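Novice: Please find one structure pasted underneath; my questions will follow.
The values are calculated or read from the model by the stated rules, or taken from the named source; none is laboratory data. The structure presented is a predicted model; accordingly, all values stated were derived computationally and were not measured. Positions of Cβ are backbone-derived with ideal geometry, glycine not excepted, and every protein chain shown enters the neighbour counts. Each accessible area value is taken on the protein alone, full model and side chains, heavy atoms only, with ligands, DNA and RNA left out. Shrake-Rupley method; radii C 1.70, N 1.55, O 1.52, S 1.80 Å.
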Amino acid sequence: DGAALRWCITGALCASFLGLGMSIAVLGPTFPNLAANVRKNVSDIYYIFVGRSLGCLGGSMVGGVLLDCMNAPTLLLALSMLGTTAGLYAIPWCKESLLLTILMSVIGGSMGILDTGGNVLALNTWGSEAGPHLQALHFSFAAGAFLAPILAKMALGGSESEELAGAEKTNQSVLKSVPTASAASTTPAPKDHHDEDFLWSYIIIGTYILFTAIIFFVLYSKSSSAGDKSKASVQKGRLAKYHWPLVGLLFVFFLFYVGAEVTYGSYVFTYAMVFAEMTESEAAALNSVFWGTFAVCRGAAIFGAAFLSPATMIVMSLLSSAASSSALAFFAHYRASLWVGTAVYGASMATIFPSGISWIEQYTVVEGKSAALFVVGAALGEMCIPAVVGYLQGRFNHVPVVMYTAFATSVMTVLLFPVMYKLANAPQENDTKEVSDSETRKALLSNSRLTEDEEDEEDVREWNDADFEVIEMNDKLKNSLTDTSCRMPGDSPAEVSLQPHLDNVLGNPPVVAGGSPGRQNGNVD
């Protein structure tokens, strides 16, 4: 029953992350409809992305604190998904831009709680076996981001040109990206988008997330929760010697990694059009290659994590990222290098985040606050690095800033991981004390054994000396008695009187009536 319940928790988490991906990615193709709803141009409501990102940051931090305070992670996740459902139901009828931003912040906060709590619950449920399950969670997120635009277009039924524009915006929001500089972002909202057909996509996604929230309520109602049992065992684990420095370095590591991932996915279309002089269809295909290899490798990592350790997967990903980013930064003017480098770069980005969480769990306890810092680092990276790249690209039009950024972030992650590995494997103080105590005990035991051996040798020497003295005395007595008997002829009284004494000395005492063996032994001694 416990194993079945743990698998049910994994299934519910995958379903929730599928809904998380859909609720994030649906904003791209429906963005013009939302702008028309609030009677604004698309370029005038960019701040809803900022509101959602800030909500995600706040939700991650609040969720980390609540996870440490509450012993019911399934209940917290169910409540967060209820908040997401309420926001998705309200968005299509929102007519004010300020209210729309508030709703986006609420949804972002719920998503931050779900992102933090989902990773922690998977670790608490499976412990050291959580690697494949974490990979499955993040693959479900990528699958949801892929399905959302299809669902939105089925509800909208837009034209081919609208699909291309929506696909470009979806690439910017697949992983909670902030808006980037593109021609589509300055386009006014079309008038024919005032119809409310797009609301069905939000209602369908909201209903799906509501269904997953009900599943988590059912799991919470079970008194013997596998997650709660395993959490108690995890809390008993020891923290690493450099726990918080290790968490801080992984925070920076995720900031660079996720920032590079979102930046490349957001700007590769523009790079292909401006620097590589590709057509619009070729640039869209290049963008699809990046996200396609990203999603495929996340799915393959579910099975790879069952055979490879998290450290091995991270090293493979970092080496692939360094090689592909080097090719993109210095040889992107070759078409083959651009296509192959983009494919390898997308594949190398797929497994780092879930593998990083699985890796640190092997060395220290990952609590709610720690997981919240990881999510916050990822969110800051996807907010700040794309914005900085967009600013620099506007200032230096003839420099491929996005490619140099990919190379620089790869170098940072390659340098950070060995430092984290060194800190994670630093010996504990308790371990050092135990080693010294054991060595002291061994030394004392060896000294005591040597002392006992020396004492035994001394006793043996003393007994040997005593034996030789007794033998010499016996020989002397025999000689003296023999000489005396030779000088006294016949059976004289002296010989008769001396015979018992000789017998006593030679160890042949007479039997004493009523004498015990103890007394006989005493006479012999």
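Novice: Quick one: is Met316 more than 30 Å from Leu67 (Cβ to Cβ), modelled with pLDDT of 90 or more and open to solvent by 10 Å² or more (accessible area, probe 1.4 Å)?
Specialist: Yes; evaluated as a whole, the condition is true for this residue.
Novice: Now for a separate question. Could you grab me the full set of residues in region 304-348 that are farther than 26 Å from Val401 by Cβ and either touching a helix residue (DSSP H, G or I) at 6+ places or on another chain (Cβ under 7 Å) or assigned by the TED database to the domain that holds Gly11 (or both)?
Specialist: Gly304, Ala305, Ala306, Pro310, Ala311, Met313, Ile314
Novice: Moving to a separate point now. I'm trying to understand the selection: among the residues of region 69-103, which are open to solvent by 10 Å² or more (accessible area, probe 1.4 Å) and more than 22 Å from Ile215 (Cα to Cα)?
Specialist: Those that are open to solvent by 10 Å² or more (accessible area, probe 1.4 Å) and more than 22 Å from Ile215 (Cα to Cα): Cys69, Ala90, Trp93, Lys95, Glu96, Ser97, Leu98, Leu99, Thr101, Ile102, Leu103.
Novice: Only one of Thr101, Thr125 is of a type outside the set (Lys, Arg) and more than 17 Å from the chain's Cα centre (by Cα). Can you tell me which?
Specialist: The conditions single out Thr101.
Novice: Pairs needed: first member in region 406-426, touching a residue at least 40 places away in the same chain (Cβ under 8 Å); second member anywhere, aromatic (Phe, Trp, Tyr) and outside any helix (DSSP H, G or I); C-beta distance under 9 Å; at least 6 residues apart or different chains.
Specialist: Leu423/Tyr242; Leu423/Tyr363; Ala424/Tyr242; Ala424/Tyr363; Asn425/Tyr363; Ala426/Tyr242
Novice: Related question: Quick one: would you say Phe217 is aromatic (Phe, Trp, Tyr), in the same structural domain as Leu318 (by the TED database) and either part of a helix (DSSP H, G or I) or at pLDDT 90 or above (or both)?
Specialist: Criteria not met by Phe217.
Novice: Same structure again: Pick out, from region 20-104, the helices (runs of 4 or more DSSP H) lying fully within it that include 2 or more residues that are of a type in the set (Phe, Trp, Tyr) and modelled with pLDDT of 85 or more.
Specialist: In region 20-104, no matching helices (runs of 4 or more DSSP H) lie anywhere.
Novice: Still on this model: Please verify whether Val262 is crowded, with 23+ Cβ neighbours inside 10 Å and either among the acidic types (Asp, Glu) or in the same structural domain as Ile385 (by the TED database) (or both), treating the condition exactly as stated.
Specialist: Yes.
Novice: When you go through Val106, Val120, Val62, Val50 one by one, which is the residue that is open to solvent by 20 Å² or more (accessible area, probe 1.4 Å) and under 26 Å from the mean Cα position of the chain (by Cα)?
Specialist: Val62 is the lone residue from the list that is open to solvent by 20 Å² or more (accessible area, probe 1.4 Å) and under 26 Å from the mean Cα position of the chain (by Cα).
Novice: Taking the options Thr413, Thr409, name whichever one is within 19 Å of the chain's Cα centre (by Cα), assigned to a helix (DSSP H, G or I) and either at pLDDT 90 or above or surrounded by fewer than 23 Cβ atoms within 10 Å (Cβ to Cβ) (or both).
Specialist: Of Thr413, Thr409, the one residue that is within 19 Å of the chain's Cα centre (by Cα), assigned to a helix (DSSP H, G or I) and either at pLDDT 90 or above or surrounded by fewer than 23 Cβ atoms within 10 Å (Cβ to Cβ) (or both) is Thr413.
Novice: Still on this structure, please answer the following. If you go through region 1-19, how many residues are at pLDDT 80 or above and either among the acidic types (Asp, Glu) or open to solvent by less than 10 Å² (accessible area, probe 1.4 Å) (or both)?
Specialist: 6
Novice: To continue, here is another question. Among the residues of region 333-350, which ones are open to solvent by less than 10 Å² (accessible area, probe 1.4 Å) and assigned to a loop (DSSP other than H, G, I, E, B)?
Specialist: Correct list: Met349, Ala350.
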